[in-house]
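Q: One structure is given below, represented as structure tokens, and several questions about it will come after.
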Amino acid sequence: MGDFTKVIGVPKPVYCIVAVAQNGVIGQGGRLPWHIPEDLEWFMDQTEGGVMIEGPRCYQELGKALEGRGTVVVSRQATMNYPGAERANDLEDAVRIAQGMPWTGPIWITGGERIYAEGLPLCEKLYITRIHRNFEGDRKFPSDWAQHFKRLAWSKDGSFEGLNYTFEIWER
Ligand SMILES: NC(=O)c1ccc[n+]([C@@H]2O[C@H](COP(=O)([O-])OP(=O)(O)OC[C@H]3O[C@@H](n4cnc5c(N)ncnc54)[C@H](OP(=O)(O)O)[C@@H]3O)[C@@H](O)[C@H]2O)c1
């Protein structure tokens, strides 16, 4: 029996991964407003082997394309170069490019603000780290997200330097 996945190709599912403060904040001044090592580890583990779709500021914050996964940067600036990543003109283009990349894991919408807002309607699952505190910030996650998803799984509360958080997986 042949390997059908190689012959016909199976489309990758599109998922979203994000860490969100109680008041919806996801970023401040081009950075995450918190430092939670376990959340970074969770992000790295989940997205490994898949393809990340991100904006150019997110790429800059990470400083490079992460190893062990594909990266597509969504930007209309055709002259910009993102080493280790592909560039797409818009989200639709990004998903098409990600589908064609040789990574077999899911396509991950990984921010920032507009990429989440446009990408969330495409997502079957949402991997959300809920941070149980309000933060000052200039970037937010869409406030109506919970209307479109059901909670499938969640972790016990984690804590780092007094900041509590929960890992949750929601499904459309
Ligand atoms: N908490 C979390 O889980 C999380 C995750 C990710 C990011 N963040 C935070 O979010 C902030 C960075 O995100 P950001 O929103 O400022 O920037 P970003 O999404 O990285 O980049 C914004 C740029 O993306 C391009 N873009 C976005 N949507 C597009 C579209 N549909 N078509 C074409 N281009 C598009 C535009 O660039 P051009 O002008 O070049 O076209 C836009 O100026 C940081 O503070 C970061 O820490 C938080």
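Each value in this text was obtained by applying a stated rule to the coordinates, not by laboratory testing. Predicted, not measured: the structure shown is a model, and the values here were computed from it. Here the Cβ positions follow ideal geometry from the backbone for every residue, glycine too, while neighbour counts run over all protein chains shown.
Q: Work out the count of Lys pairs in the chain where the Cα-Cα distance is under 23 Å, with the pair 8 or more places apart or on different chains.
A: Total qualifying Lys-Lys pairs in the chain comes to 6.
Q: Counting other beta carbons within 10 Å of each Cβ, put I17, I97 in order, fewest first.
A: The fewest-first ordering by Cβ neighbours comes to I97, I17.
Q: For the residues K64, K12, K150, what sequence is obtained by ranking on other C-beta atoms within 10 Å, fewest first?
A: So the residues, fewest neighbours to most, are K150, K64, K12.
Q: In the chain, what cysteines have no partner Cβ closer than 4.7 Å?
A: Lacking a cysteine Cβ partner under 4.7 Å: C58.
Q: Still on this structure, please answer the following. Calculated from DSSP H runs of 4 or more alone, at -39500 (n - 2.57) each and per residue, what is the 222 nm mean residue ellipticity of the chain, nearest 500?
A: Calculated from helices alone, the mean residue ellipticity at 222 nm is -6000 deg cm²/dmol.
Q: Please identify the GluC sites (Glu not before Pro) of segment 1-88 that satisfy two criteria: DSSP loop assignment and at most 16 other Cβ atoms within 10 Å. Which are they?
A: Those satisfying the criteria are E48, E67.
Q: Cα axis of helix 37-47 to longest principal axis of the chain: angle in degrees, 0 to 90, nearest 10?
A: 20 degrees
Q: Which listed residue (Q22, H148, M44) has the Cα farthest towards the positive end of the charge dipole for the chain, taking +1 on Lys and Arg C-beta and -1 on Asp and Glu C-beta about the Cα centre?
A: Farthest towards the positive pole: H148.
Q: Work out, step by step, the length gained on full extension between D93 and Q147: first 0.36 nm times the residue separation, then minus their alpha carbon distance; give nm to one decimal.
A: Full extension from D93 to Q147 adds 16.7 nm.
Q: A further question on this structure: In what order do D93, D157, D39 fall by count of nearby beta-carbon atoms within 10 Å, going from fewest to most?
A: Fewest-to-most ranking of D93, D157, D39: D157, D93, D39.
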